[in-house]
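A short write-up of the structure that comes next.
The values are calculated or read from the model by the stated rules, or taken from the named source; none is laboratory data. As the structure is a computational prediction, the values presented were derived from the model and not from experiment. With ideal geometry, Cβ positions are generated from the backbone for all residues, glycine too; neighbour counts draw on all protein chains shown.
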Amino acid sequence: MRTKLADTNRARSEFAWTPSAELLETANVVRLAKTLGCSDYPGLHRVSVAEPDRFWRAVRDDLTIPFARDWTEVLDDTQGVEWTTWFTGARLNLAHACVHRWANERPGAEAAVWQAEDGNRSSLSWAELSLETTRLAEAFAALGIRKGDVVGIFLPMAPEAAIASHACAHIGAIQVPIFSGFAAPAIATRLADAGAKALVTADGSFRRGTVVPMKQIADEALARAPAVEHVVVWRRLGGLETPMTPGRDHDWGELVAGSPGELPAEVVDSETPYLLAYTSGTTGRPKGALHVHGGFLLSIAREAAYQANLTTEDRVLFATDMGWIMGPWTVVGAGALGATTVFMEGAPDWPVDRIWKLVDSERVTMLGVSPTLVRALIPRGEPTTDLSSLRAVTTTGEPWNRGPYDWLNENVCGGGRIPIVNISGGTEVGACFLSVTPMAPTKPCSLGFPALGQDMDVLDEAGRSARGEVGELVCRKAWPGMTRGLWRDPERYLETYWRRFPGVWTHGDWASVDEDGYWYLHGRSDDTLNVAGKRIGPAELESAAVNHPGIAEAAAIGVPHPVKGEVPWLFCVPNPGATPKPDEVARAVTDELGKAFKPERIFFVSSLPKTRSAKIVRRAVRAKALGEDPGDLSTLENPESLEEIARAV
């Protein structure tokens, strides 16, 4: 992809936020840099890549992350870079590091808050969270669940999801968090692929004012996942009729009633499997990315501390779900640093100002959102609540476009009062590749720089480092949070990430680096359009379309053309009350990108297909528009939007 940056990065030279002198003295990352003798972020990053043993020991010690036994070797790549393991000989337990130690150090401090969609609120102290985690772990053990067994977690975003997650880690079981909005077939696929022995679910939950019958959905899934021997049911609703299968199904409250909460956390090897996180498939089955105790813990703690700048005084609300990697990121990151997590059941935009009211009422200091969620919130109006508690807004999930970024910066971040900590990684990455840092100013839409410990590059089609143009985002060295492979499919793992450029991780994103060293993403490289030999990512087309004042959201797809190879089609969601014309939107695109990328057709629809984490699923748009098989649609929150797309075409 050879789009020149003179156009794509224009108007990005000004800073959106600049760190204050006070922050440059007190930020976690500045403290770490001083410990390692570094005066700036580039110097710290060089140490993190060139001296991994020195760097990761400094991280562990700086954050006082407890290890039962130290490592003898920081990494072992004797089986090849693709199969690198980390912290050889080290022993620890993630649940101890993220929960139990705080029960000793800060027993009465608030650890977890639950804001239910129906308005109910509850909270747990660190001592209470530790006790409930241990009691469930004891109940698991009584059911015969052992180290290495797989436990599915199909729960709404509530403290119970964190308790179930940590209870698995407590005994060395492998958790499979499952998106709380999945239908039965998607749940069954993941449980069967993982070989799950148990499932933790709820009788039901609320979503946009409607009851979601989670146990009923789970029962339908379990008919296709016969390996599951036990189902633990949290009575979230209580009054909902919930059939229980004798011998298999267990009421959570009754199950833990006799548990004293005394079982010590299992001390495990650093490479002990911790989490099996599934990513959505396109045509094939979903991929199960395997993460381990030591690497996942240190990678996430590093990111939460040194990129998001979290401390024990913070209160974290991330609009996410445990079925997406940012759910475990929040639970582990906040837990490792002793911060309070605010769990939000249901949708962040129902009612329309819900997320802003929660920031105000809970005095949230770090809010996590996606660009798509921000675009959806803009038509609802500017926040009217008190957002002064915020110290940072963390964003991830997709590339930004300038209009929504500026809206967030102006209306939520106080026009540069606090930073937008834009990060990007993925389920398989176990943290981030690129991130804004508190040690440097931010540029609009930029991801800042390579994250600490990540040896990032942008390569052209021949595998050469590229600057001044868009290329493939890659990582040249292994890192602790890297997936230890795809579950039971080593060949697919190698083919997906390592064979494009041998010995180099190819992530599947287009990226670029500007003249000041700031990094940007330009969409998925596997979504790339090839218009008469000119390659462009759909995110650039969408960003240009959204520059039109009448357009709230857009999805770009490539459609076969007998002469040009492909031509762009745009599906656009107008802003409320707006009546944009196709030629006006087309002009917005050509003004930004040039006439070569003028959309052949523009359609107006009321919504675009999205996941619960608010990502637009372009492949589903393209398949529906062309009358093809859309593949796995289990992640969609609004599949009915595809029928409108089919009618529009």
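Tell me, which residue of the range 209-245 that is in contact with a helix residue (DSSP H, G or I) (Cβ under 6 Å, 6 or more places away or on another chain) and in a helix (DSSP H, G or I) is surrounded by the most Cβ atoms within 10 Å (Cβ to Cβ)? The residue in question is A221.
Report yes if some residue within the range 352-366 is touching a residue at least 40 places away in the same chain (Cβ under 8 Å), surrounded by fewer than 17 Cβ atoms within 10 Å (Cβ to Cβ), of a type outside the set (A, V, I, L, M) and closer than 29 Å to P609 by Cα; otherwise report no. Scanning the range 352-366, I find no residue that is touching a residue at least 40 places away in the same chain (Cβ under 8 Å), surrounded by fewer than 17 Cβ atoms within 10 Å (Cβ to Cβ), of a type outside the set (A, V, I, L, M) and closer than 29 Å to P609 by Cα, so the answer is no. Annotation: of all residues in the range 79-105 being surrounded by fewer than 16 Cβ atoms within 10 Å (Cβ to Cβ) and in contact with a strand residue (DSSP E or B) (Cβ under 9 Å, 6 or more places away or on another chain), the one that is farthest from R31 (Cα to Cα) is Q79. When the range 451-477 is filtered for residues that are among the charged types (D, E, K, R) and either closer than 18 Å to A392 by Cα or under 21 Å from the mean Cα position of the chain (by Cα) (or both), the ones remaining, listed by number, are D455, E472.
With respect to Y518, is the statement that it is touching a helix residue (DSSP H, G or I) at 6+ places or on another chain (Cβ under 8 Å) and in the same structural domain as P404 (by TED's automatic domain parsing) true? So Y518 fails the test. Is it the case that L452 is of a type in the set (A, V, I, L, M), modelled with pLDDT of 95 or more and surrounded by fewer than 21 Cβ atoms within 10 Å (Cβ to Cβ)? Judged against the criteria, L452 is not a match.
The C-beta contact set for the range 438-467 (first residue within 14 Å of T18 (Cα to Cα), second residue in a strand (DSSP E or B), distance under 6 angstrom, 6+ apart or interchain) comprises T442/W17; S446/Y520; G448/S435. Only one of the numbered conditions (1) on the phi > 0 side of the Ramachandran plot; (2) of a type in the set (G, A, S); (3) touching a residue at least 60 places away in the same chain (Cβ under 8 Å) is violated by G415, and that is (3). Residues that are free of Cβ contacts under 8 Å to residues at least 40 places away in the same chain, at least 2 per element: which strands (runs of 3 or more DSSP E) completely within the range 65-184 meet that? Where strands (runs of 3 or more DSSP E) fall fully within the range 65-184 and carry at least 2 residues being free of Cβ contacts under 8 Å to residues at least 40 places away in the same chain, they are 73-76, 121-125.
Within the range 353-402, the set of residues being modelled with pLDDT of 95 or more and in a helix (DSSP H, G or I) comprises R354, I355, W356, K357, L358, V359, D360, S361, E362. Within the set of pairs 6 or more residues apart or between chains, which connect a residue that is surrounded by 16 or more Cβ atoms within 10 Å (Cβ to Cβ) inside the range 486-502 to a residue that is among the aromatic types (F, W, Y) with Cβ atoms less than 7 Å apart? Hits for this filter: L486/Y493; Y497/W505; W498/W505.
Here E398, E410, E382 are screened, and the one residue that is free of Cβ contacts under 8 Å to residues at least 24 places away in the same chain and under 26 Å from H548 (Cα atoms) is E410.
Out of L263, L255, one residue alone is at pLDDT 95 or above and under 30 Å from W71 (Cα atoms). It is L263.
Table: residues versus (1) outside any helix (DSSP H, G or I); (2) on the phi > 0 side of the Ramachandran plot.
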{"position": "A554", "(1), (2)": "yes, no"}
{"position": "G577", "(1), (2)": "yes, yes"}
{"position": "R587", "(1), (2)": "no, no"}
{"position": "L608", "(1), (2)": "yes, no"}
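Filter the range 428-450 down to the residues that are in contact with a strand residue (DSSP E or B) (Cβ under 6 Å, 6 or more places away or on another chain) and among the β-branched types (V, I, T), then identify the one that is nearest to E398 (Cα to Cα). Among those residues, the one meeting the criterion is V436.
Taking residues in the range 552-577 that are over 20 Å from K610 (Cα atoms), and partners anywhere that are of a type in the set (S, T, N, Q) and at pLDDT below 90, the pairs with Cβ atoms closer than 7 Å and at least 6 places apart or on different chains are G565/N530; E566/N530.
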